[in-house]
Amino acid sequence: MNDVTGRPERIAAVELLAKLVDEGSWQPWDIELTTLPDDPKYAADITRAREKTGLDESVLCGEATVSGERIAVVVSEFGFLGGSIGREAGRRVVGAVRRATAERLAVLALPASGGTRMQEGTPAFLQMVNITAAVVDHKAARLPYLVYLRHPTTGGVFASWGSLGHVTLAEPGALVGFLGPRVFEGLYGEEFPAGVQVSENLRAHGWIDLVVGVDDLSATVSRIVGLLDGRKPDGDSQSALEDGSPVSAAAAWDAVTASRAADRPGVSDLLKRSTVESIELAGGGEGDSRSGIILALASFGGETAVVVGQDRNRQVPGALIGPADLRLARRGMRLAQGLGLPLVTVIDTPGADLSADAEEGGLANEIAHCIAELTELTVPTISVLLGQGAGGAALALFPADRVIAMENSWLSPLPPEGASLIVYRDTDHAADLAAQQGIRATDLHASGIVDVVLSESHPDDRDFLPDLGVRLSGELTALNALDIDERRRRRADRRRRIGDVTI
């Protein structure tokens, strides 16, 4: 429900907990505070805040079950001095996060705050460093840290523990921003541009993963924590896998043409039809202006993975993969590494953005860092050539422990038409160059670059996505059984094979 300003009505911390946690499961961790500061005016402010809210500080910390998932909860009370963080509130948050780490619990932080408590000045301001350090240690223990940004969340809270979530959710219509609009107007004599510091706008720009109403929060958090905890729903999988190419080789140009078919499924279809459970995070959502990169959590036959994929069906017409898209891809790599989950990259792109904005935005730099980060990950990695694989945008997601390719997929330095322009100064020789360059999935398998080529032909006209999902489940099971040293050895062998390939 929104108030007369169009913003959501503020929900008290106790009321929010009642909506969020399972009945009777809340166990507070806080020791009640009864002392008051020496400053009489500040002491009076604290006393009024306690009487108004029935709470002793601006945060409540404890544990509960959320739709059956046991988690630690840190929730702000905006009615208590604007949810501001002073020394005592900061100590409370730090203690709760560190206790959750010790007890191996996921943390859900639900801030609603104007930031630092001005009455306490710099010592309170520096509590953001202590809270951040506790969150960093929690994440280093590969434990989930989720954030639900409530109305309003601004200042140092947003710029520290409010922006560190493995997954970041937000309340619809919430004011979320670094500098509060009232402060901006007072400092600069003009209103902050409308529509910028709104959760939906930050979602569209990739800084928030999901905008979720309070009534849907419990179910959403439970799904996410269940996936991150590696809950294994029933599903088909294979434990022993064989390399192979069970398909006959079609002409290279036929594969290129098939990969560009308008009705060819993309990553979003893969998540819907090949997984037991999946949650799309940043990228690719309605209103998203970027170029089809999707970040998701998904369970293939019960094996949970982070998925980073290029979905040309989600691209804005005329848009191509740019620097911001690859930064999102790198976020997915860090998410997988931080949580100790396998990473699945899905390649289906006609190429990267060739524009002045892309050059100035560091496109080449982002491609290089994607490749570097992929080669250094210690978690299992799988790359799927789903369709088109043109240029640096494809290369950025290619290095992996295992590579699966659909039979009509391909990988090349440029689209065949671009290669023809370079060699012949026309596009008439695109089909010839596609054949000469060895870009087909079957060519790549013969060269040892691709491990498995999956057929796209089915007598009953069903699509290939369910088969791909089953294969991914088996590949993930097999990779999870290998230690990092063995996977590193196999990665080195693959790079050696690439260096030995001749056309």
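Conditions tested, residue by residue: (1) assigned to a strand (DSSP E or B); (2) in the same structural domain as Trp161 (by TED's automatic domain parsing); (3) in contact with a Gly (Cβ under 8 Å, 6 or more places away or on another chain).
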{"site": "Arg50", "(1), (2), (3)": "no, yes, no"}
{"site": "Leu60", "(1), (2), (3)": "yes, yes, no"}
{"site": "Thr65", "(1), (2), (3)": "yes, yes, no"}
{"site": "Val73", "(1), (2), (3)": "yes, yes, yes"}
{"site": "Gly79", "(1), (2), (3)": "no, yes, no"}
{"site": "Gly82", "(1), (2), (3)": "no, yes, yes"}
{"site": "Val94", "(1), (2), (3)": "no, yes, no"}
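Only residues that are closer than 26 Å to Leu339 by Cβ and among the hydrophobic types (A, V, I, L, M, F, W, C) were counted across the range 113-132, and they come to 3. Look at (1) part of a helix (DSSP H, G or I); (2) small (Gly, Ala, Ser); (3) in contact with a Phe, Trp or Tyr (Cβ under 6 Å, 6 or more places away or on another chain) and you find that Gly389 fails only one, number (1).
In the range 168-190, the count of residues that are at pLDDT 90 or above, closer than 28 Å to Glu88 by Cβ and β-branched (Val, Ile, Thr) is one or more.
It is to be established whether one or more residues within the range 142-151 are within 29 Å of Val307 (Cβ to Cβ), in contact with a Gly (Cβ under 7 Å, 6 or more places away or on another chain) and among the basic types (Lys, Arg). Yes, because at least one residue in the range 142-151 is within 29 Å of Val307 (Cβ to Cβ), in contact with a Gly (Cβ under 7 Å, 6 or more places away or on another chain) and among the basic types (Lys, Arg).
Inside the range 146-161, can you point out the residues that are in a loop (DSSP other than H, G, I, E, B) and buried (at least 24 other Cβ atoms within 10 Å of the Cβ)? Listed by number, the residues that qualify are Arg150, Pro152. Among the conditions (1) over 14 Å from Leu335 (Cβ atoms); (2) modelled with pLDDT of 80 or more; (3) crowded, with 22+ Cβ neighbours inside 10 Å, the only one that Val307 does not satisfy is (1).
Mind telling me which of the residues Leu143, Leu164 ends up being aliphatic (A, V, I, L, M), surrounded by fewer than 23 Cβ atoms within 10 Å (Cβ to Cβ) and in the same structural domain as Val214 (by TED's automatic domain parsing)? Exactly one residue qualifies, and that residue is Leu164. Restricting attention to the range 12-21, the residues that are in contact with a helix residue (DSSP H, G or I) (Cβ under 6 Å, 6 or more places away or on another chain) and surrounded by 15 or more Cβ atoms within 10 Å (Cβ to Cβ) add up to 1. When you check Ser455 against the structure, is it out of contact with any strand residue (DSSP E or B) (no Cβ under 8 Å at 6 or more places or on another chain), within 19 Å of Arg264 (Cα to Cα) and assigned by TED's automatic domain parsing to the domain that holds Phe398, yes or no? So Ser455 fits the description; yes.
Please identify the pairs in which a residue from the range 164-189 that is over 20 Å from Gly213 (Cβ atoms) has its Cβ atom under 6 Å from the Cβ atom of a residue that is acidic (Asp, Glu), counting only partners at least 6 apart or on another chain. Short answer, once both residue conditions are applied: Glu185/Glu191. Considering the range 22-40, the residues that are in contact (Cβ under 8 Å) with a residue 60 or more places away in the chain and farther than 17 Å from Ala64 by Cβ include one that is surrounded by the fewest Cβ atoms within 10 Å (Cβ to Cβ), namely Asp39.
Tell me which residues, restricted to the range 308-346, are over 14 Å from the mean Cα position of the chain (by Cα), among the hydrophobic types (A, V, I, L, M, F, W, C) and within 19 Å of Ala298 (Cα to Cα). If the condition is that a residue be over 14 Å from the mean Cα position of the chain (by Cα), among the hydrophobic types (A, V, I, L, M, F, W, C) and within 19 Å of Ala298 (Cα to Cα), then Val346 is the only one that fits.
Yes/no matrix, rows are residues, columns are (1) crowded, with 24+ Cβ neighbours inside 10 Å; (2) part of a loop (DSSP other than H, G, I, E, B); (3) in contact with a Lys or Arg (Cβ under 6 Å, 6 or more places away or on another chain); (4) not hydrophobic (A, V, I, L, M, F, W, C):
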| site | (1), (2), (3), (4) |
| --- | --- |
| Ala394 | yes, no, no, no |
| Leu397 | yes, yes, no, no |
| Ala405 | yes, no, no, no |
| Gly418 | no, no, no, yes |
| Ile422 | no, no, no, no |
| Asp426 | no, yes, no, yes |
| Ala431 | no, no, no, no |
| Ala434 | yes, no, no, no |
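Filtered by the rule that a residue be within 16 Å of Leu108 (Cα to Cα) and either part of a helix (DSSP H, G or I) or out of contact with any strand residue (DSSP E or B) (no Cβ under 7 Å at 6 or more places or on another chain) (or both), the range 16-48 gives Leu16, Leu17, Ala18, Lys19, Leu20. Inclusion of Asp325 among residues that are assigned to a helix (DSSP H, G or I), surrounded by fewer than 15 Cβ atoms within 10 Å (Cβ to Cβ) and either of a type in the set (Asp, Glu) or modelled with pLDDT under 90 (or both) is not warranted.
The values are calculated or read from the model by the stated rules, or taken from the named source; none is laboratory data. Predicted model, so just to flag it, every value in this text is computed and none were measured. Virtual Cβ from ideal backbone geometry, glycine too; neighbours counted across all protein chains shown.
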